[in-house]
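In what follows, a single structure is set out as structure tokens and then discussed.
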Amino acid sequence: MAVLIDGKAVSAKVKAQVAQETEELKAKGVCPGLAVVIVGDDPASRIYVNNKKKACAAAGIYSEEHALPGDTTQEELLDLIDTLNKREEIHGILVQSPLPKGLDEAAVVEKIDPQKDVDAFHAYNVGKIMQGKYTFLPCTPAGVIELIKSTGVDICGKQCVVIGRSDIVGKPMAMLLLHENGTVTVCHSRTKNLGEICKSADILVSAVGKAHFVTGDMVKPGAVVIDVGMNRDENGKLCGDVEFSEAEPVAGYITPVPGGVGPMTIAMLLKNTLTAARLQNRLGS
Ligand code: NAP
């Protein structure tokens with residue numbers, strides 16, 4: 001039976017630390033501020049944005065929402081980013097994805113001032129992640145690293161397998177594991193012998209987006225299994241990529257979905273907003 005990695009508990013610790021440091025920053029006259037931009041009426045995006053706003057309020061971070069209609073033009077969106085870039089009391093800018101069809105998400109991300117890019121999606125910050133010189137941690141992968149560290153398992157020298165190579169999860173995840181001195185393999189839809197490769201992993205991170213994808217026979221006994229996936233099963237129930245009932249008896253440590261990686265992503269966003277406020281006011285990092 002695996003030990004359950006409690007993402008809510010680990011994220012609560014990170015959030016408490018951020019709240020304390022936010023108080024200290026406020027005492028120096030700076031209140032961290034986050035602007036969240038949402039375009040259109042995607043129901044999942046609405047939930048994510050509400051959760052981010054609530055988490056900011058709980059940590060004492062100022063947040064404001066810019067909810068734009070689905071027919072917003074690229075130019076209008078870029079103008080808003082430009083305005084937010086210039087506002088001193090806004091330290092972090094987050095554009096909730098996905099954007100409605102017809103809007104160029106990459107161009108919007110590139111318009112964000114890299115110092116305010118709290119998602120760490122801008123090419124400048126992606127480059128920093130490659131170099132291991134982080135200003136901002138990529139939120140979901142950084143949350144995964146915290147979860148792995150919470151188990152006490154040392155990443156150094158371990159076989160780490162990441163399934164998925166997206167720009168927001170898989171690739172930065174692989175980089176962070178590499179910077180922790182893991183031996184990293186990245187798998188994707190063209191990977192051959194996926195099951196065999198996964199079974200060699202001391203640390204297995206799945207970021208595919210398919211329910212029931214990682215089965216029990218793909219898990220090495222005693223492995224740390226981190227499930228980034230957020231999917232709906234046949235009954236509409238929230239689930240990850242990992243077939244939990246099969247993997248849990250084999251793994252050493254495993255994250256549940258919900259209650260695993262999800263809460264960590266928001267905690268890391270708060271941490272980045274605090275970092276941004278400090279940097280922009282030359283009060284450390
Ligand atoms: P994505 O952009 O769709 O990437 C999925 C990756 O999985 C791709 O690299 C794809 O390979 C790979 N893949 C698909 N089918 C595969 C197969 N049969 N075998 C091996 N690899 C396969 O998704 P994402 O944005 O990275 O997100 C992944 C999951 O994480 C989603 O469920 C998402 O909702 C969730 N997520 C959760 C959080 C959180 O806070 N918990 C945050 C972000 C994302 P190719 O590159 O070859 O197509």
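Read-outs throughout are calculated quantities, based only on the coordinates presented, and are distinct from any laboratory measurement. Values in this document were obtained by computation on a predicted structure and should not be read as measured data. Here the Cβ positions follow ideal geometry from the backbone for every residue, glycine too, while neighbour counts run over all protein chains shown.
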Pseudo-spin-label distance residue 66 to residue 131, built 7 Å along Cα→Cβ, given in nm, is 2.8 nm
Size of electric dipole in the chain: Cβ of Lys, Arg +1 and of Asp, Glu -1, about Cα centre, debye, nearest 20
680 debye
What do you get for the angle between helix 7-27 and the principal long axis of the chain? Use alpha-carbon atoms, 0 to 90 degrees, nearest ten.
20 degrees
Calculated FRET efficiency, residue 192 and residue 97, Cβ-Cβ r, R0 45 Å, to nearest 0.05?
0.90
Among 150, 34, 95 the positive-end extreme of the charge dipole of the stretch 20-175 (Cβ point charges)
150
By average Cβ neighbour count within 10 Å, what is the ranking of 217-225, 257-265 from highest down?
257-265, 217-225
For a label point 7 Å along the Cα-to-beta-carbon line of residue 6, residues of the stretch 121-141 with backbone N under 20 Å:
none
Cα gyration tensor shape of the stretch 1-81, rounded if a/c is under 1.5, else prolate or oblate by comparing a/b with b/c:
oblate
Packing-wise, with mean Cβ within 10 Å as the measure, how do 119-125, 269-275 rank, highest first?
269-275, 119-125
Quick check: residue separation of residue 74 and residue 245 times 0.36 nm, minus the Cα distance between them. What number comes out in nm?
57.0 nm
Please work out the Cα center distance from the stretch 14-67 to the stretch 130-173, rounded to the nearest Å.
23 Å
FRET efficiency for residue 283 and residue 232 from the Cβ-Cβ distance with R0 = 41 Å, rounded to 0.05, comes out at 0.45
Below 12 angstrom from the Cβ of residue 279, what's the summed charge of the other residues (Lys, Arg +1; Asp, Glu -1)?
+1
Label-to-label distance, nm, for residues given as residue 151 and residue 166 (7 Å Cα→Cβ offset)
2.2 nm
Would you mind putting 42-54, 178-190 in packing order, based on average other-beta-carbon counts within 10 Å, highest first?
178-190, 42-54
Counting Lys and Arg as +1 and Asp and Glu as -1, each charge on the Cβ, what is the dipole of the stretch 153-197 about the Cα centre in debye, to the nearest 20?
220 debye
